[in-house]
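> One structure is given below, represented as C-alpha coordinates, and several questions about it will come after.
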Amino acid sequence: MEFLLDTIHLADIEKYAAILPLAGVTSNPTIVKKEGKIDFFPHMRQIRQLIGPDASLHVQVVGQTVPAMLADAHTILQNIDDAVYIKVPTTEIGLEVIKQLKKEGHHVTATAIYTKFQGYLAIAAGADYIAPYYNRMENMNLDAAATVAGFAQAIQHSHATTKILAASFHNVGQVNTAFENGAQAATMGVDIIQAALTMPAIGQAVADFTSDWESLYGVHQTISDL
Ligand SMILES: O=P(O)(O)OC[C@H]1O[C@](O)(CO)[C@@H](O)[C@@H]1O
(Lines give C-alpha, C1' and ligand atoms only; values in the text may rest on other atoms or scores of the structure.)
Protein backbone atom coordinates (compact mmCIF):
# COMPACT_ATOMS: atom_id res chain seq x y z
CA MET A 1 0.00 0.00 0.00
CA GLU A 2 1.38 3.39 -1.00
CA PHE A 3 0.22 6.58 0.73
CA LEU A 4 0.87 9.79 -1.20
CA LEU A 5 0.17 13.41 -0.31
CA ASP A 6 -1.94 15.42 -2.73
CA THR A 7 -0.42 18.82 -1.95
CA ILE A 8 2.61 20.94 -2.77
CA HIS A 9 2.49 22.87 0.54
CA LEU A 10 6.06 22.55 1.77
CA ALA A 11 5.31 22.78 5.51
CA ASP A 12 2.70 20.01 5.23
CA ILE A 13 5.02 17.81 3.18
CA GLU A 14 7.84 18.27 5.67
CA LYS A 15 5.55 17.50 8.61
CA TYR A 16 3.88 14.44 7.08
CA ALA A 17 7.09 13.06 5.56
CA ALA A 18 8.14 12.51 9.18
CA ILE A 19 4.79 11.06 10.28
CA LEU A 20 3.64 8.90 7.36
CA PRO A 21 5.20 6.00 5.52
CA LEU A 22 5.13 8.52 2.66
CA ALA A 23 5.41 7.01 -0.83
CA GLY A 24 5.22 10.26 -2.79
CA VAL A 25 3.59 13.57 -3.66
CA THR A 26 1.11 14.35 -6.43
CA SER A 27 0.25 17.70 -7.95
CA ASN A 28 -1.85 19.18 -10.70
CA PRO A 29 -2.44 22.77 -11.86
CA THR A 30 -5.32 23.19 -9.38
CA ILE A 31 -3.11 22.10 -6.49
CA VAL A 32 -0.40 24.51 -7.70
CA LYS A 33 -2.97 27.34 -7.81
CA LYS A 34 -3.67 26.83 -4.09
CA GLU A 35 -0.06 27.89 -3.34
CA GLY A 36 -0.24 31.04 -5.50
CA LYS A 37 2.24 31.84 -8.30
CA ILE A 38 5.19 29.93 -6.87
CA ASP A 39 8.63 29.77 -8.43
CA PHE A 40 7.63 26.45 -9.97
CA PHE A 41 10.83 24.48 -10.55
CA PRO A 42 12.71 25.53 -7.37
CA HIS A 43 9.53 24.70 -5.42
CA MET A 44 9.29 21.25 -6.98
CA ARG A 45 13.00 20.64 -6.34
CA GLN A 46 12.40 21.53 -2.69
CA ILE A 47 9.66 18.90 -2.56
CA ARG A 48 12.13 16.36 -3.93
CA GLN A 49 14.59 17.35 -1.19
CA LEU A 50 11.90 16.82 1.45
CA ILE A 51 10.65 13.45 0.21
CA GLY A 52 13.97 12.01 -0.95
CA PRO A 53 14.96 10.14 -4.10
CA ASP A 54 12.94 6.99 -3.42
CA ALA A 55 9.51 8.63 -3.12
CA SER A 56 7.60 9.35 -6.32
CA LEU A 57 6.91 12.94 -7.40
CA HIS A 58 4.07 13.40 -9.92
CA VAL A 59 3.96 16.62 -11.96
CA GLN A 60 1.35 17.36 -14.62
CA VAL A 61 1.81 18.73 -18.13
CA VAL A 62 -0.41 21.63 -19.23
CA GLY A 63 0.16 21.77 -23.03
CA GLN A 64 -2.86 21.31 -25.28
CA THR A 65 -1.21 19.46 -28.18
CA VAL A 66 1.06 16.43 -28.45
CA PRO A 67 4.22 18.51 -29.12
CA ALA A 68 3.31 20.98 -26.36
CA MET A 69 2.74 18.20 -23.80
CA LEU A 70 5.97 16.49 -24.80
CA ALA A 71 7.85 19.80 -24.49
CA ASP A 72 6.32 20.30 -21.01
CA ALA A 73 7.36 16.78 -20.02
CA HIS A 74 10.95 17.26 -21.18
CA THR A 75 11.16 20.63 -19.41
CA ILE A 76 9.86 19.07 -16.17
CA LEU A 77 12.40 16.24 -16.41
CA GLN A 78 15.27 18.66 -17.10
CA ASN A 79 14.37 21.15 -14.38
CA ILE A 80 13.33 18.84 -11.55
CA ASP A 81 14.90 15.44 -12.19
CA ASP A 82 14.47 12.55 -14.56
CA ALA A 83 12.73 10.35 -11.97
CA VAL A 84 9.59 12.53 -11.97
CA TYR A 85 6.34 10.82 -12.97
CA ILE A 86 4.86 12.91 -15.77
CA LYS A 87 1.12 13.24 -15.27
CA VAL A 88 -0.80 13.22 -18.52
CA PRO A 89 -4.60 13.51 -18.84
CA THR A 90 -6.07 10.38 -20.43
CA THR A 91 -7.45 11.99 -23.59
CA GLU A 92 -6.80 11.28 -27.29
CA ILE A 93 -3.85 13.67 -27.22
CA GLY A 94 -2.72 12.42 -23.83
CA LEU A 95 -2.66 8.76 -24.86
CA GLU A 96 -0.35 9.58 -27.77
CA VAL A 97 1.90 11.44 -25.33
CA ILE A 98 1.86 8.54 -22.86
CA LYS A 99 2.97 6.10 -25.56
CA GLN A 100 5.75 8.43 -26.67
CA LEU A 101 7.03 9.12 -23.14
CA LYS A 102 7.07 5.39 -22.39
CA LYS A 103 9.01 4.80 -25.63
CA GLU A 104 11.54 7.34 -24.35
CA GLY A 105 11.78 5.43 -21.06
CA HIS A 106 10.13 7.96 -18.73
CA HIS A 107 7.77 7.43 -15.80
CA VAL A 108 4.15 8.25 -16.59
CA THR A 109 0.99 8.71 -14.53
CA ALA A 110 -2.23 8.71 -16.56
CA THR A 111 -4.64 11.08 -14.87
CA ALA A 112 -8.18 12.53 -15.16
CA ILE A 113 -9.64 9.02 -15.25
CA TYR A 114 -13.41 8.77 -14.79
CA THR A 115 -14.19 5.59 -16.73
CA LYS A 116 -13.10 1.99 -17.02
CA PHE A 117 -12.39 2.46 -20.72
CA GLN A 118 -9.91 5.31 -20.11
CA GLY A 119 -8.13 3.19 -17.53
CA TYR A 120 -7.97 0.13 -19.75
CA LEU A 121 -6.44 2.21 -22.56
CA ALA A 122 -3.89 3.78 -20.21
CA ILE A 123 -2.89 0.35 -18.87
CA ALA A 124 -2.45 -0.94 -22.44
CA ALA A 125 -0.46 2.20 -23.34
CA GLY A 126 2.01 1.28 -20.58
CA ALA A 127 1.29 3.96 -17.95
CA ASP A 128 3.14 3.31 -14.68
CA TYR A 129 0.26 4.66 -12.60
CA ILE A 130 -3.37 5.35 -13.47
CA ALA A 131 -5.23 7.91 -11.38
CA PRO A 132 -9.00 7.33 -11.16
CA TYR A 133 -10.89 10.29 -9.66
CA TYR A 134 -12.72 8.49 -6.89
CA ASN A 135 -14.84 11.22 -5.33
CA ARG A 136 -15.59 12.91 -8.63
CA MET A 137 -16.85 9.56 -9.99
CA GLU A 138 -19.10 9.12 -6.97
CA ASN A 139 -20.47 12.63 -7.49
CA MET A 140 -21.35 11.60 -11.06
CA ASN A 141 -23.12 8.52 -9.76
CA LEU A 142 -20.43 6.28 -11.26
CA ASP A 143 -19.37 3.20 -9.28
CA ALA A 144 -15.85 4.18 -8.26
CA ALA A 145 -15.21 0.97 -6.27
CA ALA A 146 -16.22 -1.22 -9.23
CA THR A 147 -14.07 0.86 -11.55
CA VAL A 148 -11.01 0.39 -9.34
CA ALA A 149 -11.78 -3.34 -9.06
CA GLY A 150 -12.05 -3.54 -12.87
CA PHE A 151 -8.61 -1.95 -13.21
CA ALA A 152 -7.11 -4.34 -10.66
CA GLN A 153 -8.54 -7.30 -12.59
CA ALA A 154 -7.35 -5.96 -15.96
CA ILE A 155 -3.83 -5.41 -14.60
CA GLN A 156 -3.75 -8.95 -13.22
CA HIS A 157 -5.13 -10.55 -16.41
CA SER A 158 -2.77 -8.71 -18.71
CA HIS A 159 0.25 -9.07 -16.39
CA ALA A 160 0.70 -5.31 -16.65
CA THR A 161 3.01 -3.46 -14.26
CA THR A 162 0.66 -0.47 -14.01
CA LYS A 163 -0.38 0.54 -10.48
CA ILE A 164 -3.68 2.12 -9.51
CA LEU A 165 -3.08 5.48 -7.83
CA ALA A 166 -6.57 6.31 -6.64
CA ALA A 167 -7.13 10.07 -6.26
CA SER A 168 -9.69 12.78 -5.58
CA PHE A 169 -10.70 11.62 -2.10
CA HIS A 170 -13.06 13.52 0.13
CA ASN A 171 -13.27 11.11 3.05
CA VAL A 172 -11.39 8.31 4.78
CA GLY A 173 -13.95 5.64 3.85
CA GLN A 174 -13.33 6.25 0.15
CA VAL A 175 -9.60 5.64 0.66
CA ASN A 176 -10.27 2.37 2.49
CA THR A 177 -12.66 1.18 -0.22
CA ALA A 178 -10.18 2.03 -2.99
CA PHE A 179 -7.48 -0.06 -1.29
CA GLU A 180 -9.93 -2.89 -0.62
CA ASN A 181 -10.86 -2.96 -4.31
CA GLY A 182 -7.28 -3.35 -5.46
CA ALA A 183 -5.68 0.12 -5.57
CA GLN A 184 -1.96 -0.17 -4.82
CA ALA A 185 -1.66 3.55 -4.04
CA ALA A 186 -3.83 6.44 -2.88
CA THR A 187 -3.11 10.15 -2.87
CA MET A 188 -4.89 12.36 -0.37
CA GLY A 189 -4.87 15.80 1.19
CA VAL A 190 -3.69 16.30 4.76
CA ASP A 191 -7.34 16.88 5.71
CA ILE A 192 -7.98 13.16 5.18
CA ILE A 193 -5.01 12.11 7.33
CA GLN A 194 -6.01 14.54 10.07
CA ALA A 195 -9.65 13.41 10.01
CA ALA A 196 -8.51 9.79 10.26
CA LEU A 197 -6.10 10.28 13.15
CA THR A 198 -7.78 12.96 15.27
CA MET A 199 -11.06 11.16 15.91
CA PRO A 200 -12.28 11.95 19.46
CA ALA A 201 -12.35 8.21 20.30
CA ILE A 202 -8.61 7.89 19.65
CA GLY A 203 -7.84 10.94 21.79
CA GLN A 204 -10.11 9.60 24.56
CA ALA A 205 -8.34 6.20 24.55
CA VAL A 206 -4.96 7.90 24.92
CA ALA A 207 -6.28 10.20 27.68
CA ASP A 208 -7.65 7.17 29.58
CA PHE A 209 -4.28 5.38 29.39
CA THR A 210 -2.53 8.50 30.68
CA SER A 211 -4.92 8.96 33.55
CA ASP A 212 -4.72 5.28 34.59
CA TRP A 213 -0.91 5.44 34.56
CA GLU A 214 -0.79 8.72 36.47
CA SER A 215 -3.22 7.43 39.10
CA LEU A 216 -0.59 4.79 39.95
CA TYR A 217 2.75 6.54 39.47
CA GLY A 218 1.92 10.24 39.71
CA VAL A 219 1.29 13.06 37.29
CA HIS A 220 3.86 13.52 34.48
CA GLN A 221 5.76 10.35 35.49
CA THR A 222 6.71 8.37 32.39
CA ILE A 223 8.17 4.89 32.13
CA SER A 224 11.57 6.43 31.51
CA ASP A 225 11.27 8.23 34.89
CA LEU A 226 11.04 4.90 36.78
O1 LIG B 1 -11.30 15.96 -7.22
P2 LIG B 1 -10.07 16.65 -6.74
O3 LIG B 1 -10.02 16.75 -5.26
O4 LIG B 1 -9.83 17.95 -7.44
O5 LIG B 1 -8.84 15.71 -7.10
C6 LIG B 1 -8.32 15.50 -8.38
C7 LIG B 1 -7.15 14.54 -8.28
O8 LIG B 1 -6.45 14.34 -9.42
C9 LIG B 1 -5.07 14.24 -9.23
O10 LIG B 1 -4.51 15.25 -10.03
C11 LIG B 1 -4.62 12.85 -9.65
O12 LIG B 1 -3.35 12.49 -9.20
C13 LIG B 1 -4.78 14.46 -7.79
O14 LIG B 1 -3.68 15.27 -7.61
C15 LIG B 1 -6.12 14.93 -7.26
O16 LIG B 1 -6.43 14.17 -6.13
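The values are calculated or read from the model by the stated rules, or taken from the named source; none is laboratory data. Just so it is clear, the structure is predicted and the values come from calculations on it, not from any experiment. Ideal geometry is used to build each Cβ from the backbone, glycine not excepted, and the neighbour counts take in all protein chains shown. These accessible areas exclude ligands, DNA and RNA; they are computed on the full protein's heavy atoms, side chains included. Shrake-Rupley method; radii C 1.70, N 1.55, O 1.52, S 1.80 Å.
> Please report how far the C-alpha centroid of the range 1-38 lies from that of the range 149-205, rounded to the nearest whole angstrom.
After rounding, the separation between the Cα centres reads 16 Å.
> Still on this structure, please answer the following. Would you mind calculating the gained length between Ala124 and Thr30 on full extension (0.36 nm times residue separation, minus the Cα-Cα distance), in nm to one decimal?
Taking Ala124 through Thr30 to full extension adds about 31.1 nm, to one decimal.
> Round to the nearest 0.05 the FRET efficiency obtained for Glu96 and Ala201 when R0 = 45 Å and r is the Cβ-Cβ distance.
0.35
> What does the C-alpha gyration tensor say about the overall shape of the range 2-188? Classify as rounded when a/c is under 1.5, otherwise prolate if a/b is larger than b/c, or oblate.
The shape class here is oblate.
> Right, something else. With the crude spin-label approximation of a point 7 Å out along Cα→Cβ, what separation in nm comes out for Glu214 versus Ser158?
Each label point is offset 7 Å from its Cα along the Cβ direction, giving 5.8 nm.
> Leaving ligands, DNA and RNA out of it, report the carbon-plus-sulfur percent of the accessible area of the chain at a 1.4 Å probe.
The C+S portion of the solvent-accessible surface of the chain is 56 percent.
> Between Leu10 and Asn176, what's the calculated FRET efficiency when r is the beta-carbon distance and R0 is 25 Å? Round to 0.05.
0.35
> Another question, if that's okay. Mind checking which lysines have their Cα closer than 26 Å to the Cα of Lys37? Skip sequence neighbours fewer than 8 apart in that chain.
Lys15, Lys87
> Treating cross-link reach as a plain straight distance, find the aspartates and glutamates whose alpha-carbon is under 20 Å from the alpha-carbon of Lys103, omitting any fewer than eight places away in the same chain.
Here the aspartates and glutamates satisfying the reach criterion relative to Lys103 are Asp72, Asp81, Asp82, Glu92, Asp128.
> So between Asp82 and Arg45, what do we pick up on full extension, going 0.36 nm a residue minus the alpha carbon distance?
Going from the current span to full extension adds 12.2 nm.
> Determine the calculated [θ] at 222 nm for the chain from helices alone, applying -39500 (n - 2.57) to every DSSP H run no shorter than 4 residues and normalising by the residue count; nearest 500 deg cm²/dmol.
The helix contribution divided over the chain gives -15500 deg cm²/dmol.
> Let me ask something else about it. Picking from Leu50, Leu22, Leu216, which is most flexible by a Gaussian network model of the chain using Cα springs under 10 Å?
Leu216
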